[in-house]
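Encoded as structure tokens, the structure appears first; notes follow it.
The values are calculated or read from the model by the stated rules, or taken from the named source; none is laboratory data. Nothing here was measured: the structure is a model prediction, and the numbers come from that model. Keep in mind that these areas ignore ligands, DNA and RNA; they rest on the heavy atoms of the full protein, side chains included. Shrake-Rupley method; radii C 1.70, N 1.55, O 1.52, S 1.80 Å.
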Amino acid sequence: MCGIVGYVGRREAAPLIVEGLKKLEYRGYDSFGVATIGKSLELDKHKGRISENARSAIRLKGKIGIGHTRWATHGIPNDVNAHPHLDCSGKIAVVHNGIIENYAELKRQLKASGHTFSSDTDTEVVVHLIEEEYGTKKDLLLAVQTVVPKLEGSYALLVIADKEEQMIVARNASPLVIGIGDGEIFAASDMTPILEHTERAMFLEDGDVAAISRGEVTIFNKGTVVKRPLELIDWSLEDVKKGGFAHYMLKEIYEQPQAFYNTIRAVNPETVSEFVRHPTSITVVACGSSYHAGLIFKYLLEESCRVPVRLEFASEFKYYPPPIEGLVIGITQSGETADTLTALKQAKTHNCKTLAITNILGSSVSRLADATIFMRAGPEISVAATKSFIAQLAVLMQIVNNISGTKCNDMLLHAHQAIEEILLIDLADAVTVCTSAKDIFYVGRGPFYAVALEGALKMKEISYIHAEGYAAGELKHGPFALLSSETPVIALCTPGDTYGVMISNIKEMKARGAPVIAIGGEGDSELLDIVDIFIPIPKTTPFVQVLTSLVVLQLLAYHTAVALGRDVDKPRNLAKSVTVE
């Protein structure tokens, strides 16, 4: 969940690390810290956001350094728990993304050996373990290689030591990319801090330990030198800038027509494996918004192709695995979602074919699965998933299209136009209703039930208004008790088989005094007459109406959050890439 950046090169490290960490704040922003090797090891770390408090960190001297922006797991956000962590001598510094599961046992052993701990974090055990090995071996690389087999859990580690002209890095189940520049080398959680300096990257694999000096990277796995391919990343620096928008989230909402179109064009019979085009059954494992994308896929595929789809929360899959066979699809925007990776590993032990859907080239899931389909969303900076979600749906809709015999080609190739049209919609009246609410219900049927779940998630995560999504018929089984004039309902009521029963459901909600905001087909006079606010979307196919109604709900959440003065791109307590269980 945290963001890490390291640098070895010809320039002062601290300013580069600070700017890199600012680009990684979507991964966590409870606290930050930077350490460099100049005449000695220098350290600066604080509670709070590096984007607001970086002045002292920039002044650190040295051309080797590491930095960290934190999403708290072990220990509250404060100066002491901020990374980097130092050993007892103050000569070794470590930053870490991940969780050391056996840290408590290791900490007891280290305390018994005389080590003094200053923080509540799991990470601090790592630097003390390295201290012990470095004290006897006098070789930083060998010390790290000796320590990492003792660690249980996930980690991406950057390690520096006073008087050492190198940085040692290690990875297991947490992402770590190395950027190769001109006489300088970067290490980071992902490409966003590196793009400004180089487009050449190597992605470390589980078990890798690398020694990085100014002009060289040597990678080891289980003590043996290994090679990792050098890849060119086709994201531009402009892709990660706001481009005149007030927030990254709004920019990324407006990039959705292009993201959908690019992904649709990239996913075709040549890029979809044979075992994906002819499944007997499918199990989807995912978390959060990706789970909602999987639920939409389930409805669309079962209705269009009669192929059974089972949907599972990846976080539950490890502990309560269902009987599985056939194709297992793991959906993860970052490609590093810990629960989804674990679920796919379990699927492989059952001899299931696995497919990964992700946005990140070189991510862990792309190396784990039998096949990978990459979205073409480009970098997404805002914590709330928008264009990556739409790109996931582009992939999943193309899978439905391929299984059905490409019957939906023309519709999918033009769907981006409907998304573009809906961006101009006026939601001022709906925003006024939402900003005064403490609770909001979202309801729909079929694939629009999944849309309701995603709309509610967007509202709660960026506006902090309590919002829940329901299958419309389920409100009568308990939640009706909560309806009042102060609990607005957002109803998805588009033309189709469930239109009549949705109209009845809306009337039932109105009878309980709830104000209703309805999203429906343009020109629907019946719906217009019975609701408080009507939001029209173009009349088209259910596939496209799923997309346009999702964009409406994204915009509604965004504008509500802005009206309430929320930090839209960095909602409290959340991070972009969930790399811990």
- Task: Give the whole-number value, in cubic angstrom per residue, of the convex hull volume spanned by the C-alpha atoms of the range 406-493.
- Result: 120
- Item | Accessible area of the range 151-305 divided out per residue, in Å², using a probe of 1.4 angstrom | 39
- Task: Could you please state, rounded to a whole Å, how far the C-alpha centre of the range 287-352 is from the C-alpha centre of the range 496-558?
- Result: 29
- Over the alpha-carbon set of the range 477-523, divide Rg by the Kirkwood Rh and report the Rg/Rh ratio to two decimals. 0.99
- Message: Considering all alpha-carbon pairs of the range 166-208, what whole percent are spaced by more than 15 angstrom?
- Response: 37
- Message: What figure, in Å² to the nearest 10, do you get for the accessible area of H477 with a 1.4 Å probe and non-protein molecules left out?
- Response: 130
- Could you work out the helix-only [θ] at 222 nm for the chain, with each DSSP H run of four or more residues adding -39,500 (n - 2.57) and the total divided by the number of residues, to the nearest 500 deg cm²/dmol? -10500 deg cm²/dmol
- Stokes-Einstein D in µm²/s, Kirkwood radius over Cα pairs - the range 82-132 at 37 °C with 0.692 mPa s viscosity: 304
- Message: I need the P(r) histogram for the range 36-158: all alpha carbon pairs, bin width 5 Å from 0 out to the longest distance, whole percents.
- Response: 2, 11, 21, 24, 21, 13, 6, 2, 0
- Task: Can you tell me the 0 to 90 degree angle between the C-alpha axis of helix 409-422 and the longest principal axis of the chain, rounded to 10?
- Result: 90
- Query: Beyond 37 Å, what percent of the Cα pairs of the chain remain?
  - Reply: 35
- Message: Need one number for the range 158-262: average projected area of the convex hull over its C-alpha atoms, nm².
- Response: 8.7
- Working from the alpha-carbon coordinates of the range 453-581, get Rg over Rh, Rh being the Kirkwood radius. 0.99
- Message: Tell me the per residue accessible area of the range 457-581 using a 1.4 Å probe; a whole number in Å² is fine.
- Response: 38
- Item | Per residue value of the accessible surface for the range 48-120 (all protein chains in place, 1.4 Å probe), Å² | 45
- Measuring from the longest principal axis of the C-alpha atoms of the chain, the long axis of helix 338-349 (C-alpha) lies at a number of degrees, nearest 10, equal to 90
- Qualifying lysines (Cα of each under 27 Å from Cα of K348; at least 8 residues distant if same chain): K150, K222, K227, K298, K318, K576
- Calculated diffusion of the range 1-56, Stokes-Einstein form, Kirkwood radius summed over Cα pairs, 37 °C and 0.692 mPa s, µm²/s: 283
- Proportion of all alpha-carbon pairs of the range 43-105 beyond 19 Å (%): 35
- Task: Could you list, in their original order, any pairs among K22/K251; K241/K345; K61/K242 whose Cα atoms are separated by more than 24 Å?
- Result: K241/K345; K61/K242
- Task: Calculate what fraction, in whole %, of the accessible area of the chain sits on carbon and sulfur atoms when a 1.4 Å probe is rolled over the protein chains.
- Result: 49
